[in-house]
Amino acid sequence: MRKGMTRRELEVTDPNQIIEILDKCKILHLGLVDGDEPYVVAMNYGYTLEGDALTLYLHAAKTGYKLDLMRANPKVFFEMDCDVTPFEGDLPCQYGTAYASIMGRGQAELVEDVEAKKEALSLFMKSQTGKDFEFQDKMVSIVSIIKIHVSEYTAKRREMPLLARRKEKL
Ligand SMILES: Cc1cc2nc3c(=O)[nH]c(=O)nc-3n(C[C@H](O)[C@H](O)[C@H](O)COP(=O)(O)OP(=O)(O)OC[C@H]3O[C@@H](n4cnc5c(N)ncnc54)[C@H](O)[C@@H]3O)c2cc1C
């Protein structure tokens, strides 16, 4: 069932803040459909954000269970998070965790074209390291590249409450 964010006031819609979260997270958790069971793997990613259009690029070995699942059903869901900072309070209900995160769904495509794989790996490395890399045919031949066409996503940031910030300064 799809629904809006319960804590709507925490939703992040500013594209610059969304880019900041995408740049920071580095790792996402990819949910796949395994028959009638969920299957989740952690993966590093690269991305492009053109207007609202988010595309994710993942790399993996040539074989593996997640690839088998994607071929059978390309529907995916992902979650990434960063700026994770636990905070304390006086009462149990005042403890919590500050964080920023993005969640969304889309379709996975296994990229086969050599030039497209090189481009995806360059985007992947740029997102992961901030550096520009070039790839030779041989390098891309030994990896799988997964392109996720994200159909919808939302971003959220929970700041540390004022009380906890004051407590930290003491
Ligand atoms: C922080 C982080 C970043 C990662 N980044 C990448 C990435 O960019 N690309 C990538 O391909 N992989 C990455 N991995 C590893 C990834 O999460 C999977 O372990 C790996 O991709 C193999 O997944 P698979 O579905 O192909 O499993 P297979 O290797 O085919 O294994 C099948 C079974 O082995 C078990 N298994 C597999 N992996 C794990 C695991 N990590 N922990 C416990 N049990 C496991 C499960 O029961 C699984 O069903 C990362 C892992 C972490 C923790």
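The table below gives the values:
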| quantity | calculated |
| --- | --- |
| Segment 90-140 versus segment 36-84: alpha-carbon centroid distance in Å | 8 Å |
| Those residues of segment 40-80 whose amide nitrogen sits under 14 Å from the label point placed on Gln128, 7 Å along Cα→Cβ | 42-47, 57-62 |
| Those residues of segment 63-89 whose amide nitrogen sits under 18 Å from the label point placed on Asp36, 7 Å along Cα→Cβ | 73 |
| Most mobile of Pro38, Pro74, Pro92 in a GNM of the chain (Cα contacts under 10 Å) | Pro92 |
| Cα-projected label distance for Glu88 with Gln17, points at 7 Å along beta-carbon direction, nm | 2.9 nm |
| Tensor-based shape of segment 102-170 (alpha-carbon gyration tensor, a/c under 1.5 rounded, otherwise prolate or oblate) | oblate |
| Residues in segment 85-111 reached by a label modelled at Lys26 [backbone nitrogen below 11 Å; 7 Å Cα→Cβ] | none |
| Scattering profile of the chain at q = 0.17, 0.19 Å⁻¹ [log10 I(q)/I(0), Debye over alpha-carbon scatterers] | -1.07, -1.24 |
| Across Lys66/Lys131; Lys3/Lys126; Lys75/Lys117; Lys62/Lys156, pairs whose alpha-carbon gap is larger than 26 Å | Lys66/Lys131; Lys3/Lys126; Lys62/Lys156 |
| Table column - 3J(HN,Hα) (Hz), segment 136-153, Karplus curve with 6.51, -1.76, 1.60, x for Gly and Pro | 8, 3, 4, 5, 7, 6, 9, 10, 9, 10, 10, 9, 10, 7, 7, 8, 7, 7 |
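Values in this text are rule-based calculations from the coordinates and carry no lab data. Here the structure is a predicted model, which is why all the values come from computation and not from measurement. Neighbour counts run over all protein chains shown; Cβ positions are idealised from the backbone, glycine included.
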